[in-house]
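Only the coordinates and a few stated rules stand behind these numbers; no lab work does. From a predicted model like this one, the values you see are computed outputs, not experimental measurements. Every residue, glycine as well, gets a Cβ built from its backbone with ideal geometry; the counts of neighbours run over all protein chains shown.
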Amino acid sequence: MPVILTAPHGGRDEVPGCPVRTPAGPRFVVTADFNTDVLALGIAGELERLTGRRPYLVLAKFHRRFIDANRPAEEAYSAPGCEGDFNAYHASTRRFVDEVRARHRHGMLFDVHGQSAYRDSILRGTRYGATVKALLARAGPPAVTGPDSVFGRFVAMGYRILPPNELPPTARAEERNYTGGYTVAVYGSRHADGIDAMQLEFGRDLREAGVVAKTARDTAAAIAAFHEAFLR
Ligand SMILES: [Zn+2]
């Protein structure tokens, strides 16, 4: 299906030949987004179960201590031994974006993250609409904040979200530090070779062991509804 899931911060593995990162760039973070690997795999599995079609999935297995795949290369790692894994992550993402563009009229990338600042909430990051520029142009604000949008479905299922859907997607209302990172900026539809892209930031409470499977099911249902309404 024309959906790409990326998850740069859920990895747990060391990288042979790659040292721990040394501070570089703004907001230097080396902690993982706990269980977002499990969450992204769960969303992919549930999407296939719901729609009979498989999404694309790019899942970092390396820990963020070694490589941060949601940063430009010069901030993402500290030594040449890390380069291969970083490049593999982005070569896969680029290949999938190109493939979606070649095979489908529309497509969407969801970059899966975790945050602990709003523990029970899901945050949207689109750089105030810039990474979903094409989607807004062809379908308008309801594709991002309406009842059949992903965040519209989240609200209908009882989730707390930020920013609120009452505000237009281009309002500069997305939470500071969660407006959308490197991945959605690079692959998003403000670029001629991009597709629409949105960062999803799941609160810590939604990723706990006993809850993460339900969060994955509900997110897949939200994406499937969005797919039905806007990607066909
Ligand atoms: Zn993250």
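Remark: spin-label model distance residue 105-residue 92 equals 3.1 nm, labels positioned 7 Å along the Cα→Cβ axis. Taking every alpha-carbon pair under 8 Å whose residues sit at least 6 apart, segment 1-101 reaches a relative contact order of 40 percent.
Calculate how large, on average over all directions, the projected area of the Cα convex hull of segment 103-215 is; give the answer in nm² to one decimal.
Values: hull surface 28.7 nm².
Result: a mean projected hull area of 7.2 nm².
Taking the Cα centroid of segment 185-232 and of segment 1-72, what is the distance between the two, rounded to the nearest whole Å? Taking the Cα centre of segment 1-72 as reference, the centre of segment 185-232 is 13 Å away. Taking the inverse of the mean 1/r over every pair of distinct Cα atoms in segment 3-230 gives a Kirkwood hydrodynamic radius of 17.5 Å.
Over the chain, what is the relative contact order in percent, taking alpha-carbon pairs closer than 8 angstrom and at least six residues apart?
Numbers: 498 pairs, mean separation 62.5, N = 232.
Here the relative contact order equals 27 percent.
Ellipticity at 222 nm from helices only: DSSP H runs of n ≥ 4 in the chain, each -39500 (n - 2.57), divided by the residue count, give -11000 deg cm²/dmol.
Only bridges whose two residues both fall in segment 63-200 count here: according to DSSP, what percent of them are antiparallel, nearest 5? If you can, show how the numbers build up before the last one.
On the way: 2 of 10 bridges.
Once the DSSP bridges in segment 63-200 are tallied, antiparallel ones form about 20 percent.
Placing +1 on each Lys and Arg Cβ and -1 on each Asp and Glu Cβ, with no other charges, gives the chain a dipole about its Cα centre of roughly 360 debye.
Using Stokes-Einstein with the Kirkwood hydrodynamic radius over Cα pairs, what translational diffusion coefficient do you get for segment 2-105 at 10 °C and a viscosity of 1.306 mPa s, in µm²/s rounded to a whole number? In µm²/s, the coefficient rounds to 110.
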